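S.K.: Quick one: structure below, then a few questions.
What follows draws every value from the coordinates through simple rules; no lab data is involved. Small disclaimer: the values here were computed from a predicted structure and weren't measured. Because the Cβ atoms are built from the backbone with ideal geometry, glycine has one as well, and the counts that use them run over all protein chains shown.
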Amino acid sequence: MSQKVPSFDELLDSAEHTAVHLEMRDAYGVSSEADDFAHWQATGQRDTDPASPYWGPWVELIRRTVARGVRVRRARIVSEPVSDYIRFEHAGTEINLGAGEDVRWLPRRRASDIALPGNDFWLIDGKLIHWNHFTGAGGSGGAEISDDEAAAKLCAEAFETVWARAVPHAEYRID
């Protein structure tokens, strides 16, 4: 069933036990990251200040979510060698970890036999899906929320399979 799409604050504030996020693109072109990505491309320096305007709201949201006992995990399926965008993400992942997320990376070649949904998603408590839609260029194509049981089961199984195969952030090396 399709519903009104909540904000990320509302979505994660609704979580009672788990919030998992699966990312499957090698590049994103969302406008909120454009300046930071361009700066990183030009200088090789990534904003790693958890209190910065870029990171602060996210860090606060994850910290308060984790403080309630919610386990927040993020898995990224990536092509290798990785894209510049994935290098950018990797360089900032320490902020996700510091806020309380657990992050793993799965080389795409190790995901060939996993049944994956067609879009990135957040899955809340194994039952509420926040689909992330993107344009061909990686810009935001809008979001959709669903509590469809079959889709939630697919997302949960896909995420757990990816998670079991993926490499913890501290061990994942970008060559």
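S.K.: Given R₀ = 35 Å, what would the calculated FRET efficiency be for Ser83 paired with Asp148, taking r from the Cβ atoms and rounding to 0.05?
M.R.: 0.65
S.K.: Write out the GluC sites (Glu not before Pro) in the range 1-104 meeting two conditions: DSSP loop, and at most 11 other Cβ atoms within 10 Å of their Cβ.
M.R.: Here the sparse-neighbourhood loop sites are Glu16.
S.K.: Hey, another quick one. Label point 7 Å out from Asp113 along Cα-to-Cβ: which residues of the range 143-164 have amide N under 19 Å?
M.R.: 157-164
S.K.: Once you have a ≥ b ≥ c as the square roots of the Cα gyration tensor eigenvalues for the range 21-90, tell me rounded if a/c is under 1.5, and otherwise prolate or oblate according to whether a/b is larger than b/c.
M.R.: Cα axes put the range 21-90 in the oblate bin.
S.K.: Something else now. Return the calculated 222 nm mean residue ellipticity for the chain, to the nearest 500 deg cm²/dmol, obtained by summing -39500 (n - 2.57) across DSSP H runs with n ≥ 4 and dividing by the residue count.
M.R.: Estimated from H runs of four or more residues: -11000 deg cm²/dmol.
S.K.: Could you work out how far apart the two model spin labels at Ala164 and Ser14 are, taking each label as a point 7 Å from the Cα in the direction of the beta carbon, and quote it in nm?
M.R.: 2.9 nm
S.K.: Right, next: Checking the a/c ratio against 1.5 first, then a/b against b/c, what shape does the Cα gyration tensor give for the chain?
M.R.: Here the chain falls in the rounded category.
S.K.: Next question, about the same structure. Excluding the sites themselves, what is the longest stretch of the chain that contains no trypsin sites (Lys or Arg not before Pro) in a DSSP loop with at most 13 other C-beta atoms within 10 Å?
M.R.: Here the longest segment lacking exposed loop sites spans 69-172.
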